[in-house]
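Note sheet for the following structure.
The values are calculated or read from the model by the stated rules, or taken from the named source; none is laboratory data. The model shown is predicted, which means the values in this text are computed figures rather than measured ones. Ideal geometry is used to build each Cβ from the backbone, glycine not excepted, and the neighbour counts take in all protein chains shown.
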Amino acid sequence: MAILLVGVGFLMLIAGRPIYTVFVGSIGFVTGSYLADWITIFPSDTNKILLSLLFAAISVIFTQFYKRWAVRIAGLIGGAILILNLPHAFGSEANWISPYLVAAVAMVSFALLIIIFDFALIALSSLLAATLILSNMRLGNLDQGVMFLILTAFGIIVQFLILQYASHTPD
């Protein structure tokens, strides 16, 4: 499952804002992987993968109807996922995270997606993608903090360039 989460992270790193259905689907996939620990619908070996794919598909369908509001709701969930996975990305424990902090970060990400949609979505998808990649993949002797900064900067630059030079479609 870790390799799928790394793949979702790389996909979100490149196409989080230009194709924001990818962002919402990725958030649905990660949410499904978390909920699969508590919900058992399919046989045990495939439960996590199929439940993640089911949540991703529902998220993508929801995006087709509600567009920006689906992104904002996914940003709310993404902010919570970000703060929960950030310590793991740096290789430390998450003992200091409280439910109040998770709620505050989720609400801030939701508010930013309402106020400055494009930049907030680029920043959130890049931060979340770097966190997903580093929390599920170890890169040898490389410093996790430096890799986090490199991946985040790469995601912001690539998404900004794609957004600037791609043909715009009405939302």
- Task: Scan the range 30-40 and give yes if some residue there is in a helix (DSSP H, G or I), within 24 Å of Phe160 (Cβ to Cβ) and out of contact with any His (no Cβ under 9 Å at 6 or more places or on another chain), otherwise no.
- Result: yes
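Got a sec? Which of Leu76, Leu151 is part of a helix (DSSP H, G or I), touching a Phe, Trp or Tyr at 6+ places or on another chain (Cβ under 7 Å) and either closer than 26 Å to Ile19 by Cα or not polar (S, T, N, Q) (or both)? Let's see the steps before the verdict.
On the way: Leu151 fails: touching a Phe, Trp or Tyr at 6+ places or on another chain (Cβ under 7 Å).
Just one listed residue meets the conditions, Leu76.
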- Task: List the number of the failed condition for Ile19; all other conditions in (1) within 15 Å of the chain's Cα centre (by Cα); (2) farther than 22 Å from Phe148 by Cα; (3) touching a residue at least 12 places away in the same chain (Cβ under 8 Å) hold.
- Result: (3)
- Message: Residues to consider are Ser98, Ser125; find the one that is surrounded by 17 or more Cβ atoms within 10 Å (Cβ to Cβ) and of a type in the set (Gly, Ala, Ser).
- Response: Ser125
- Message: Which pairs turn up if I take residues in the range 83-95 that are within 10 Å of Leu128 (Cα to Cα) and look for partners that are among the hydrophobic types (A, V, I, L, M, F, W, C) and modelled with pLDDT under 75 with beta carbon separation below 9 Å, at least 6 apart in sequence or on another chain?
- Response: Ile83/Ala94; Asn85/Ala94; Leu86/Ala94
